Amino acid sequence: MPGGITIRLPKVKHIRVRIALYFSSIIVIIILAIASSISWVYNKKLIEQTGTIADQKMQIITMDMDKEIATILGICDNLRDNEELQQLMNLEDETFWNDYSTMKKISDILQKSVYAYTSVTSIFATNLDKQICDPLYQIYPYREIIADYKDFDEFIASGKFNAFSAPTNFPNRLDSINDIEKSEITFFSQYMSNYNFKLFGYLLININKEQLFRDVSQTHKKVFDFTYIIDEKNEVINKFGTPLQEDDIIRAFGSRDGKNHEILEINGEEYYLIRQSLSAYPDWKIIGGIAYGKVKKDSTLILNIVYIIGIFSVLAGIFIAYLLAKKITDPIIEINRAMTQFEERKWPRHLNANTEDELKSLVHGFNHMVDQVKALLEQVHKEHEEKIKVEVNSLELRLELLQAQINPHFIHNTLNAVKYLALLKGAEDIREIIHSFNLLLRASISEARDFVSINEELELVDSYINIQRYRYDNDFQVLYNLDDCLERTQIPKLILQPIVENSLFHGIIPKDRKGTIKISIFAVRDKILISVIDDGVGIESDKLESIFSENLLQNSNKGFNNIGLKNINTRLKLYYGDDYTLQIESSVGKGTCVWFYIPK
C-alpha cells in the first residue's frame with residue numbers, strides 16, 4: 001500500500017527446518033485443541049458437580065430450617081391445645097385484661113414453653129387490641145413498643161395465620177440498631193378457639209436469631225462462601241459467611257422467576273448462586289453463593305498441568321520432527337552435494353540409501369544417472385579416439401604419397417595416356433585393366449566424399465573384379481542381388497571392396513577351383529541388409545573368434561588396399577553407432593557369409 005509499512009516474514013529456505021516447523025505447528029494445534037476440550041469438558045463437569053453438591057447442601061440447610069420452624073409451629077400448636085389457656089384467653093370481660101392474677105396465669109403458662117425451648121427467649125399473648133397479657137409488659141415503655149410494632153400491624157392486617165417478623169430487638173427498642181445486628185425474630189400467630197375457631201388474640205414468640213440459624217451457620221461453610229435468607233419482601237433476614245457489599249443483586253435473584261441457579265457477576269467476580277424456598281415457611285428463601293473462581297480453581301490447575309505437559313510435548317515433538325526431517329533431507333542434501341561435484345566436473349561417489357521408501361529410489365536413480373553419463377562420456381571418448389585413429393591413418397597415407405612426391409593427377413593422367421596407347425595398339429584387355437585400376441585409384445585417393453551411392457560402390461567392386469579376373473583367368477564369378485529402389489542410397493565409400501577382396505583371397509583362390517561370390521542388398525523394415533557370401537574354403541572357428549582383434553583377414557601384400565575387416569567394423573560403428581557392426585558366419589569347406597546393417 002502507498003505510504004504503508006509492509007512487513008515481510010523471513011522465508012525459511014531449508015526444507016529440514018520447514019518440515020520441523022510444520023510438524024511442530026500441527027503438534028501445537030493438536031495440544032491446544034486437546035487442552036481447550038479438556039478445559040471445556042472439565043469446567044462443564046465441575047460446574048455440574050458443584051451444582052449437584054450445592055443442591056444437596058441446600059437441601060440439608062432447608063431441612064434444618066424446616067425442622068426449626070416446625071419446632072416453633074409445634075409450640076403454637078401446644079399452646080392452642082392448652083385447655084386452661086383456651087379458657088383464660090376466651091374471657092370477654094374487659095376487666096380481665098386489668099386483672100393481675102389472670103394475666104399472671106397466662107404469663108406462667110407461656111413461660112413454661114420458654115423454658116422448654118432454648119431458642120425461644122420470650123412468648124407474649126395479646127388481645128385483639130394488641131394489649132399484652134403480662135403484668136410486667138403492661139408498664140412503659142413496653143406498652144408503647146408493642147403499639148408501634150410495624151411488623152405486628154402488618155401481620156394483623158394481612159390476615160395470615162402465621163408470620164415471621166424482620167430481625168428485631170422486641171420487646172426492647174425496635175429502632176436502636178440495624179436489622180442485621182438485631183438478635184431476635186418474632187413469630188406471630190393467631191390464637192383462636194379449638195371449638196369454633198373464634199379469634200381470641202395473638203401469640204408473639206421471640207426467637208434468638210443465632211439459635212434459630214445455628215445449623216445453617218455450620219452447614220453452609222462446607223460449600224458456600226456466603227448464604228442469605230430473605231423474606232417475601234426480598235429483605236435480608238440473615239446472612240452468613242463473607243457478606244457482599246451489595247445485596248441488591250442477591251435480592252433481585254431471590255425475586256426472579258425461572259431457574260433456581262445462575263452464574264452472576266458481583267463486584268467484578270463471578271458467583272454460582274442457588275436458591276430454595278422453605279417447605280415449612282415458603283415466604284423465606286435461602287440463597288447460597290459459591291465464588292466461581294473457587295469452582296474453577298481445580299479446572300485451572302488441571303489446565304495448567306495440561307499446558308505444562310503440552311510444552312514438554314511440543315519440545316519433544318520439535319526434537320522428533322527435526323530427527324524425522326533430518327532423516328528425510330539427508331539423502332537429498334547428499335544428492336545436492338554430489339550434483340555440485342558433478343557441476344565442477346568431478347565424479348561423485350556412489351550414494352548410499354538407508355531408507356526403504358521413495359528416497360531410496362531417488363538415490364538409486366541419481367547413481368544410475370551418474371553411471372549412464374559416465375559410460376556415455378567414455379563411449380564418446382572412445383569413439384573420438386577411434387575417429388582420430390582413422391584420421392591419423394588417412395594422414396599417414398597422404399604423408400606417404402607426399403614423401404613419394406607423386407601427384408595423384410599425374411598418376412590419373414599417366415594411366416589415361418597408357419589406356420589411349422593400348423586402344424591405338426588394339427590391346428583391349430590392357431585398356432580395360434587400366435580403366436578399372438584408374439577408377440579404384442581415383443576413389444581411394446579422393447577426399448571429396450566419404451559416402452557414395454550403392455550403385456557407385458558396386459561399380460568400384462566391378463572394377464576390382466575385372467582386374468582380378470585377368471589375374472586369375474576367370475576362376476570365379478560374382479553375382480548381384482540388388483533391390484532397384486536402393487541404388488541411390490548412400491553408404492560409406494569402399495565398404496564392400498575389402499569384403500569382396502577377403503572373400504576372394506581367403507575363400508575362393510585357396511580352393512583351387514572355380515568359385516562364386518554373391519553380393520545381396522535389400523531392405524529389412526527400417527534398415528538395409530548388405531551381405532557377401534562365398535563358397536570358398538571357410539574359416540576355422542578359433543580364427544573366427546579373434547578375427548576382429550588381430551585383423552587376420554587383412555592382406556597387405558596381395559590386396560588393393562590395407563583396409564581389413566576390423567577397420568570396416570570400426571568405420572560402421574563410427575558412422576552409425578555400436579548397434580551397427582560387421583557379422584561373420586563361416587563353415588570350413590562350405591564358405592563364409594559376411595553381412596552388416598545400415599540405417600535406411
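The values are calculated or read from the model by the stated rules, or taken from the named source; none is laboratory data. This is a predicted model, so every value here is computed, not measured. Cβ coordinates were reconstructed from backbone atoms using ideal geometry, including for glycine residues, and neighbour counts include every protein chain displayed.
Has the range 290-304 got at least one residue that is among the charged types (D, E, K, R), over 26 Å from Lys45 (Cα atoms) and free of Cβ contacts under 8 Å to residues at least 12 places away in the same chain? No, every residue in the range 290-304 fails to be among the charged types (D, E, K, R), over 26 Å from Lys45 (Cα atoms) and free of Cβ contacts under 8 Å to residues at least 12 places away in the same chain. Scanning the range 551-562 for residues that are at pLDDT 75 or above, polar (S, T, N, Q) and in a loop (DSSP other than H, G, I, E, B) turns up nothing.
In this structure, does Asp231 turn out to be over 52 Å from the mean Cα position of the chain (by Cα) and surrounded by 15 or more Cβ atoms within 10 Å (Cβ to Cβ)? Break it down into steps so the answer makes sense when it comes.
On the way: over 52 Å from the mean Cα position of the chain (by Cα): yes; surrounded by 15 or more Cβ atoms within 10 Å (Cβ to Cβ): yes.
Taking the combined requirement at face value, the residue satisfies it.
Taking the range 238-297 and the strands (runs of 3 or more DSSP E) fully enclosed by it, the elements with 1 or more residues that are surrounded by fewer than 20 Cβ atoms within 10 Å (Cβ to Cβ) and polar (S, T, N, Q) are at 269-277. What's the number of the condition Arg469 fails, among (1) surrounded by fewer than 19 Cβ atoms within 10 Å (Cβ to Cβ); (2) in contact with a helix residue (DSSP H, G or I) (Cβ under 8 Å, 6 or more places away or on another chain)? Arg469 satisfies every listed condition except (2).
Restricting the first member to the range 236-249 and to residues that are in the same structural domain as Asp283 (by TED's automatic domain parsing), and the second to residues that are modelled with pLDDT of 85 or more and basic (Lys, Arg), no beta-carbon pair is closer than 6 Å while six or more apart or on different chains. Checked against (1) modelled with pLDDT of 80 or more; (2) touching a helix residue (DSSP H, G or I) at 6+ places or on another chain (Cβ under 7 Å); (3) surrounded by fewer than 17 Cβ atoms within 10 Å (Cβ to Cβ); (4) of a type outside the set (A, V, I, L, M), Lys566 passes all but a single condition, namely (3).
Evaluation of Asp134 against the conditions (1) surrounded by 17 or more Cβ atoms within 10 Å (Cβ to Cβ); (2) at pLDDT 80 or above shows that the sole unmet condition is (2). The number of residues in the range 37-93 that are surrounded by fewer than 15 Cβ atoms within 10 Å (Cβ to Cβ), over 21 Å from Val120 (Cα atoms) and among the basic types (Lys, Arg) comes to 2.
Does Lys45 qualify as being in contact with a His (Cβ under 9 Å, 6 or more places away or on another chain), of a type in the set (Lys, Arg) and assigned to a helix (DSSP H, G or I)?
Values: in contact with a His (Cβ under 9 Å, 6 or more places away or on another chain): no; of a type in the set (Lys, Arg): yes; assigned to a helix (DSSP H, G or I): yes.
Considered against the rule, which asks whether it is in contact with a His (Cβ under 9 Å, 6 or more places away or on another chain), of a type in the set (Lys, Arg) and assigned to a helix (DSSP H, G or I), Lys45 comes out as no.
Give the residues of the range 368-382 that are surrounded by 12 or more Cβ atoms within 10 Å (Cβ to Cβ) and more than 45 Å from the chain's Cα centre (by Cα), sorted by residue number. Correct list: Gln379, Lys382. Are any of the residues in the range 510-522 surrounded by fewer than 20 Cβ atoms within 10 Å (Cβ to Cβ), outside any helix (DSSP H, G or I), in contact with a Lys or Arg (Cβ under 9 Å, 6 or more places away or on another chain) and at pLDDT 90 or above? No - not one qualifying residue is present in the range 510-522. Can we say Thr227 is part of a helix (DSSP H, G or I) and hydroxyl-bearing (Ser, Thr, Tyr)? When the stated conditions are applied, Thr227 does not pass them.
Of all residue pairs spaced 6 or more apart or on separate chains, none has beta-carbon atoms under 8 Å together with a first member in the range 581-593 that is closer than 16 Å to Gly515 by Cα and without any contact (Cβ under 8 Å) to a residue 12 or more places away in the chain and a second member that is part of a strand (DSSP E or B) and among the hydrophobic types (A, V, I, L, M, F, W, C).
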